[in-house]
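Written out below as structure tokens is the structure these notes cover.
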Amino acid sequence: MTRVVAQGTFDLLHPGHVHYLEDAAAYGDELHAIVARRTNVTHKPAPILCAEQRRDMVAALDAVDEAHLGHPEDVFVPIERLDPDVIVLGFDQHHDEADIADALAERGIDCRVERASARDPRYDDELLSSGDIVDRIVERRGPDRDDARDGRR
Ligand SMILES: Cc1cc2nc3c(=O)[nH]c(=O)nc-3n(C[C@H](O)[C@H](O)[C@H](O)COP(=O)(O)O)c2cc1C
Ligand SMILES: Nc1ncnc2c1ncn2[C@@H]1O[C@H](COP(=O)(O)OP(=O)(O)OP(=O)(O)O)[C@@H](O)[C@H]1O
């Protein structure tokens, strides 16, 4: 049984996330997704949604066998617990394969590191970035929005 791990923030889910997780799942028999804690997302604006909601949405995807809240402090705690055969990084994830491989070796974890492919937009108006989705929401529903939702939540 080949166990695969994928990870990410997974704030506002989009087809790019689905592609990544399906790509990762193809590396083995069982895919575990680790959902980043807000405090560990320091390389970009913090996610809008809480970790539990982001975990639940990832868990609902067919490609994912189990989704886990990431460890608040040590990103290798879930890795040591799951003991995966493969860790698949996202196509643009800010982690270096060699650094991860070295960290795994230091911990005596026998696991290879792969990188998933990108999903390119299929439709003119497709948004394949959680951040871009947030930006569009602000643009269309923000304080100086033109399609005001008067009186509604
Ligand atoms: C091997 C690995 C294990 C990770 N484990 C955790 C974790 O336990 N807790 C956590 O908050 N984030 C964890 N992360 C996620 C990172 O914290 C980082 O925020 C995440 O990779 C965000 O990537 P993104 O910008 O693609 O969403 C892990 C990342 C990797 C590569
Ligand atoms: N278009 C895409 N194609 C393939 N993988 C993607 C795509 N978009 C995101 N991913 C992957 O999904 C994982 C989680 O990404 P993340 O949660 O950072 O979402 P994001 O949409 O990339 O966020 P943002 O664009 O706001 O940084 C990462 O490993 C990332 O590489």
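All of the numbers you see were taken from the coordinates with simple rules; none came from a lab. Bear in mind that the values here come from a model prediction, so they are computed numbers and not experimental data. Neighbour counts run over all protein chains shown; Cβ positions are idealised from the backbone, glycine included.
In table form, for the structure just shown:
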quantity	calculated
Taking the chain and dividing mean pair separation by its residue count, relative contact order in percent (alpha carbons under 8 Å, at least six apart)	26
Convex hull per residue volume in Å³, alpha carbons only, for the chain	127
Net charge contributed by nearby residues that have their C-beta within less than 12 Å of Arg54 (K/R +1, D/E -1)	0
Ala103 paired with Lys44, simple spin-label distance in nm, labels 7 Å along Cα-to-beta-carbon	1.8
Computed label-point distance, nm, for sites Leu128 and Ala26 using a 7 Å Cα→Cβ extension	1.4
Distance in nm between pseudo-label sites at Thr2 and Phe91 (7 Å out along the Cβ direction from Cα)	2.1
Mean shadow area of region 1-76 over all directions, Cα convex hull, nm²	4.9
